[in-house]
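Chemist: Please read through the structure below; I'll follow up with questions.
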Amino acid sequence: METEAAAARQAKESLELAFQMSQILDTGLDRHTLSLLMALCDRGANPEALAALVRELSSAAPPTAAASTPLLYC
């Protein structure tokens, strides 16, 4: 049980660090979208392909919708 708690704490810290870097780089990704992207990478998705997809979806979205809604839905 203690190991699960430590793993959960580390996952939360990793997400927070990735989110802070995302904010510094001005990616426009929210925590939820970033966590989905990280989970996909953990499951073997190609990070470069995901980055290209996010860029494409970001450029295709209307400016007002991109600022208020997540890019990916599951």
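Chemist: Hey, got the Cα dimensions of segment 2-68 along the principal axes, in Å, largest first?
Modeler: Projected onto its principal axes, the Cα set of segment 2-68 covers 45, 23, 18 Å.
Chemist: For a label point 7 Å from the Cα of Ala60 along Cα→C-beta, name the residues of segment 20-40 whose backbone N is under 14 Å from it.
Modeler: none
Chemist: Same structure, new question: For Gln10 and Asn46 in one chain, what is 0.36 nm times their gap in residues minus the Cα-Cα distance, to one decimal in nm? Write out the running numbers ahead of the final one.
Modeler: Working: separation 36, 0.36 × 36 = 12.96 nm, distance 2.27 nm.
Gain on stretching Gln10 to Asn46: 10.7 nm.
Only the coordinates and a few stated rules stand behind these numbers; no lab work does. Please read these numbers as outputs of a predicted model, since none were measured by experiment. As a convention, Cβ positions derive from the backbone with ideal geometry for all residues, glycine included, and neighbour counts pool all protein chains shown.
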